[in-house]
Amino acid sequence: MAKILILYSTTDGHTREICQRLKQAIEGQGHQVTLRSIDDKPPVELEQFDKIVIGASIRYGRHTKRVYDFIEKNEQFLESKPNAFFSVNVVARKPGKDAPGTNPYLQRFLSQIQWHPKKLAVFAGKIDYRKYRFWDRQMIRIIMWMTKGPTDPKGVFEFTDWEQVESFGHQIGEM
Ligand SMILES: Cc1cc2nc3c(=O)[nH]c(=O)nc-3n(C[C@H](O)[C@H](O)[C@H](O)COP(=O)(O)O)c2cc1C
């Protein structure tokens with residue numbers, strides 16, 4: 001049985017939901033999983049875990065700076081353990097941008113950090129227009145309109161492939 005940490009960065013909670021599904025899948029394989037936010041105080045002590053997974057969502061083209069900072073600070077430790085990274089964004093709903101090798105955000109992110117995650121995934125996220133502040137809602141609607149996505153300002157659209165999430169969970173359990 002391995003002790004696995006899943007550390008996440010989320011704004012609207014969807015990455016946390018994905019982490020909860022990963023936790024279920026990994027615990028189903030007999031491992032022990034701890035979920036923590038990258039913003040938790042005090043910061044999590046990495047030394048107690050056998051494997052580390054980091055997941056973060058995209059907002060206006062970027063993962064939050066806190067994810068970059070965390071990775072930079074803990075790069076050596078991350079490299080010393082089985083580890084994985086996943087990104088959550090809505091561009092990943094598009095065929096041809098839905099894999100680690102083809103998702104532009106994940107590719108750019110990897111080119112900006114020194115860490116080389118041993119496993120990677122990209123998951124399509126969720127749009128919940130009801131939750132967003134006025135300007136965020138307008139901006140996302142414009143982006144969605146430009147990329148032929150849904151624009152109903154009262155709509156909730158979940159693009160996540162939960163089987164893909166579970167399958168990634170099984171890969172983490174086995175790595
Ligand atoms: C203000 C805002 C900006 C976003 N910008 C992008 C973006 O640039 N590219 C993209 O693919 N998805 C973008 N998204 C979609 C999010 O990545 C998606 O909603 C994801 O599920 C959010 O996860 P979270 O709830 O864990 O933060 C944006 C969402 C919001 C609300």
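Between the range 32-90 and the range 111-154, how far is it from one alpha carbon centroid to the other, in angstrom?
20 Å
Solvent-accessible area per residue for the chain at a 1.4 Å probe radius, Å²? Could you put the intermediate results ahead of the total?
Working: 9430 Å² over 175 residues.
Each residue of the chain exposes 54 Å² on average to a 1.4 Å probe.
Of all GluC sites (Glu not before Pro) in the range 1-99, which ones are in loop regions per DSSP and have a Cβ with at most 14 other Cβ atoms within 10 Å?
In loop regions of the range 1-99 (DSSP not H, G, I, E or B), the sparsely surrounded GluC sites (Glu not before Pro) are GLU45.
Residue by residue through the range 62-67, what is 3J(HN,Hα) from phi via Karplus (6.51 cos²θ - 1.76 cosθ + 1.60, θ = phi - 60°)? Round to whole Hz and write x for glycine and proline.
Each residue's phi maps through the Karplus curve to give 9, 7, 4, 4, 4, 5 Hz.
So which of LYS65/LYS148; LYS65/LYS94; LYS41/LYS81; LYS23/LYS65; LYS3/LYS119; LYS3/LYS23 end up more than 20 Å apart by C-alpha?
Beyond 20 Å between Cα atoms: LYS65/LYS148; LYS65/LYS94; LYS41/LYS81; LYS23/LYS65.
Under a 5 Å amide H to amide H cut-off, with H placed in plane at 1.01 Å, what residues pair with GLY55 once short-range neighbours are removed?
Placed amide hydrogens put LEU7, TYR8, SER9, PHE86 under 5 Å from GLY55.
Where a ≥ b ≥ c are the square roots of the eigenvalues of the C-alpha gyration tensor, would you call the range 1-97 rounded, which needs a/c under 1.5, or, failing that, prolate if a/b is larger than b/c, or oblate?
Working: a/c = 1.72, a/b = 1.26, b/c = 1.37.
The shape class here is oblate.
Out of all Cα-Cα pairs in the chain, roughly what percent, to the nearest whole number, are more than 27 Å apart? Could you put the intermediate results ahead of the total?
On the way: 3692 of 15225 pairs.
For the chain, the fraction of Cα-Cα distances above 27 Å is 24 percent.
What accessible area, in Å² to the nearest ten, does a 1.4 Å probe give for LYS65?
Looks like 130 Å² after rounding.
Work out from phi, with θ = phi - 60° and the Karplus expression 6.51 cos²θ - 1.76 cosθ + 1.60, the ³J(HN,Hα) of each residue of the range 41-56, listed in order in whole Hz, and give x for Gly and Pro.
10, x, x, 5, 8, 5, 4, 7, 10, 8, 9, 10, 10, 10, x, 8
Show me, for the range 68-75, the HN-Hα J-couplings you get by feeding each phi into the Karplus relation (A = 6.51, B = -1.76, C = 1.60, θ = phi - 60°), rounded to Hz, glycine and proline as x.
4, 4, 4, 5, 4, 5, 10, 3
The values are calculated or read from the model by the stated rules, or taken from the named source; none is laboratory data. The shown structure was predicted, so the numbers you read here are calculated from the model rather than taken from an experiment. Because the Cβ atoms are built from the backbone with ideal geometry, glycine has one as well, and the counts that use them run over all protein chains shown. Ligands, DNA and RNA are excluded from the accessible area calculation, which covers all protein heavy atoms including side chains. Shrake-Rupley method; radii C 1.70, N 1.55, O 1.52, S 1.80 Å.
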